[in-house]
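Here the structure comes first, spelled out in structure tokens, and everything after it is commentary.
The values are calculated or read from the model by the stated rules, or taken from the named source; none is laboratory data. These numbers come from a predicted model, not from an experiment. Cβ placement follows ideal geometry from the backbone for every residue including glycine, while neighbour counts extend to all protein chains displayed. Heads up: the accessible areas ignore ligands, DNA and RNA and are worked out on the full protein's heavy atoms, side chains in. Shrake-Rupley method; radii C 1.70, N 1.55, O 1.52, S 1.80 Å.
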Amino acid sequence: MSASALTTNTLWKLMSHILARGSLILASIVLARKLDPVAFAEFSYFQLTAVTISAYAALGLGVTASKFFAEVSFDDDRDSYPAITLMWAISISVSVIFFVGVMIAPVSWFPGNLTIPRWLLALAVLAFALEIVPTGALMGLECYRPVAGLSVIAAGIMLIGAWGAASEGSSKLAMITITFASALQVVGKSWIIIRLMRWKRLARWHSVNWRRLNEICNFAGPMLFVSLLSGSGTWVLGKIILDGPGGPLAFAHYAIGLQWFSLGLFLPTILSQVILPRLVRASREGASTRQLTHHSAWAAAIMALAVSAGAFLFCALIPDIYGGNYENERWFIAAYLAAAIILAPANTIGNAIVANNGQRAWLFLTCIWMLVLLGSAATTVSLMAWAGAISQAAAAAALVTGAIIVARGRGLI
């Protein structure tokens, strides 16, 4: 791929990510200013829980879809189409099962100090889970421009809905808005894939190549557990804070910290997603990915540092942005941004490992990340929302260190 094509893809992906993440941050700011801390904690807990459960339902098929759709676009392996369709069908079936599971889950599984409509949480889980495979597939196909167009519409819906929810003082309306925006993305992305790949190709599930399906399963298996662990970490950390001495107020602060943590990671995340198809195809061709991985990892760290430095300059405006309930948060936000800088190179190096059939090694590293995250949280919970920043930083340091060791051992950097 030429530098200009890579730059174009990155810019379109950047636009999509800014719209998606930016609309959510702006919506959260509007809600934090207008809703009381408990209502804002309800919306934040709803979003975090739906994302976590949908990560379970994804079965690790998001990255799997990126890898195998990238391979199909590389050599037009017609035998892969039925296996890919079957993978997509499995994802849809599991998403429906999780929807039903949320609907029939015991009441004791839901926090007693927050009001979360069960049916709405189930719908959000279904929408978020159904979106994962199409999103991964479109990254593998390097189809970024139409996705950016969808992001414009979804961002508009998110901001309008948040404004309405804030005006009504209703966390429930905000929950409905984020669910509807995700459902719209599912429909739009699925239509784009069918249009690109052609329905007749994808509909030949009955002629599935079992060798290719076995390859998908061998890759998806470890990635399933990676997805479960990475999706659980943020939620479990939040639950520890919610159940700790600070209660819902500390969790509301934690939710704000996560937004800035995500802001620090948004450019490195885009870079890692755009680079993944290139790493997959280079690995399939037998070409070296050392230079690409090395430069991308450094670029990710520099991007996170630049974004975090810029964001830190605005930390003094936190009370004006979020309202008087969140004063004196400058160094608190800086701690979350520092954790983002540490974590920034992880996904890029991890993608290089995974693209070279190192999914089991990446699973091992993710297990270490989870253990460090929870261990740090257990020992710092008395610090309330600060525990989130400390735990994320410690876990990030462990993950990046391990990833560098593994990648060097495999000759990837």
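Of the listed requirements (1) under 20 Å from the mean Cα position of the chain (by Cα); (2) touching a residue at least 60 places away in the same chain (Cβ under 8 Å); (3) closer than 28 Å to Glu42 by Cβ, Ser182 misses just one: (2).
In the stretch 101-147, the qualifying residues are those that are aromatic (Phe, Trp, Tyr) and assigned to a helix (DSSP H, G or I), and the one that is least open to solvent (accessible area, probe 1.4 Å) is Phe128.
Gln392 meets each of the listed conditions (1) crowded, with 21+ Cβ neighbours inside 10 Å; (2) not in a helix (DSSP H, G or I) apart from (2).
Yes or no: the stretch 302-314 includes at least one residue that is closer than 26 Å to Arg360 by Cα, open to solvent by 50 Å² or more (accessible area, probe 1.4 Å) and at pLDDT 80 or above.
We begin by selecting, within the stretch 302-314, every residue closer than 26 Å to Arg360 by Cα; these are none.
No, that holds for no residue.
Asn347 falls short on exactly one of the conditions (1) in contact with a Ser or Thr (Cβ under 8 Å, 6 or more places away or on another chain); (2) at pLDDT 90 or above; (3) open to solvent by 30 Å² or more (accessible area, probe 1.4 Å), and that condition is (2).
Figure legend. Inter-residue proximity from the stretch 224-251: first residues under 10 Å from Leu48 (Cβ atoms), second residues charged (D, E, K, R) and part of a helix (DSSP H, G or I), beta-carbon distance below 9 Å, spacing 6+ or different chains. Indicated pairs: Phe251/Lys239.
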